[in-house]
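Below is one structure, written out as structure tokens; the observations come after it.
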Amino acid sequence: MRRSLFPWLVLMPTLIFLFLFTYFPLFRSAADSLYDSRMNSDNPPFVGLQNYVRLLQDDVFWRALLNNLSYILMTVIPGIVLALLLAVALWENTVLNRWLRTAFFFPMIIPLVSAATLWLFIFMPGLGLIDYYLAKFFGPMNNNYLGASDSALIALSVIGVWKFAGYYMLFFLAGLQSIPASAREAAMMEGASRTQTFFYVTLPLLRPTISFVVTIALIYAITQIDHVPVMTQGGPNNATTVMLYYIQSLANDTHDLGKASAATFLTLILLFGFSVMNLRVLERGAHYER
């Protein structure tokens, strides 16, 4: 009896926190999406799937979804590639490399709101650091990076890559250091070059790490958007409105909690689907015996 209860007692604190802060909010958002709080916030009437119908008929919702997909592509892929390159470059455990690892990880320590304030100065038209250095080569500049629809989302993506690439680098460093040296040495003895060894030996053995990092990066690209309200507030013309900011605007500005809950539930379903697909694709052949 004790043996059968002990694992559950050990897991109980984790299960309680998972229920309170993960599953209960999910079920609550699914339930709230079936009521229309606009009519009566104290006792909202049941409207079924009407909030989902209104959501799918909202052009801003589709714009936010498209913006989020674009933001994912512009942050996840460059961020992971940059993190992998940094990890390979700083693979050896030297004093200089340890300092450089700390330097590249440092942006992760800075809160995203503070980072947004810093980058506001960098993107400032005419007076910012980017225009200042561009003016040295091309003459006076007055580029409004955050005020133009075709560049605002790109500017926000640059911040996402800058902040999280060093964090992903740590996972790749751990993955590289866990790969048996004998596998690379065997390839080198067979005449493989460094490039061939990396692409045909090291990279395949990193697939479990890549799978994990891609999943984490995907979640961060959807949830870590604190710089959007600070820098652009979803503008100009909803060019930087992403799903989480769209949900926040529905809940706080229009108090349309039913529609916001519907958008939240759909976002969680899409995120879950992306994560499952990513794990199934990247984990094929990812496990190996040492």
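The values are calculated or read from the model by the stated rules, or taken from the named source; none is laboratory data. Not measured: the values here are computed from a predicted model. A quick note on method: Cβ atoms are made from the backbone with ideal geometry, for glycine too, and the neighbour counts reach across all protein chains shown. Ligands, DNA and RNA are excluded from the accessible area calculation, which covers all protein heavy atoms including side chains. Shrake-Rupley method; radii C 1.70, N 1.55, O 1.52, S 1.80 Å.
Things worth noting here:
- Region 35-282 - percent of accessible surface contributed by carbon and sulfur, probe 1.4 Å: 67 percent
- Ranked from largest, the principal axis spans of the Cα set of region 1-99 equal 65, 56, 20 Å.
- Computed over the chain, the per-residue total of -39500 (n - 2.57) for DSSP H runs of n ≥ 4 gives a 222 nm mean residue ellipticity of -22000 deg cm²/dmol, rounded to 500.
- For residue 35, distant residues with modelled amide H under 5 Å away: 47
- Net lengthening on full extension, residue 46/residue 28 (0.36 nm per residue, minus Cα-Cα): 5.1 nm
- Over the chain, accessible surface divided per residue gives 60 Å², non-protein components excluded, 1.4 Å probe.
- The distance between label points at residue 144 and residue 88 comes to 4.2 nm (points 7 Å beyond Cα on the Cα→Cβ vector).
- Region 1-57 and region 97-129 have Cα centres lying 37 Å from one another.
- At R0 = 41 Å, FRET efficiency that the Cβ-Cβ distance of residue 102 and residue 54 yields, to 0.05: 0.25
- Entry note, region 35-282: relative contact order of 30 percent, from Cα contacts under 8 Å with a spacing of 6+ residues.
- HN-Hα J in Hz across region 239-247 - Karplus 6.51, -1.76, 1.60, θ = phi - 60°, x for Gly and Pro: 5, 10, 6, 9, 4, 5, 5, 4, 5
- Working note: Karplus 6.51/-1.76/1.60 with θ = phi - 60° gives region 135-142 the couplings 5, 5, 9, 10, x, x, 10, 8 Hz, where Gly and Pro are set to x.
- Placing a pseudo-label 7 Å from each Cα along the Cα-to-Cβ vector at residue 189 and residue 109 gives an inter-label distance of 4.3 nm.
- Stokes-Einstein D (µm²/s) once Rh is taken as the Kirkwood radius of region 169-273 over alpha-carbon pairs, at 20 °C in 1.002 mPa s: 125 µm²/s
- Cα centroid separation, region 233-259 to region 206-226 (Å): 23 Å
- Charges were assigned to the Cβ only: +1 to each Lys and Arg, -1 to each Asp and Glu. The resulting dipole of the chain about its Cα centre is roughly 780 debye.
- Region 11-68 shape via C-alpha gyration tensor axes, a/c threshold 1.5: oblate
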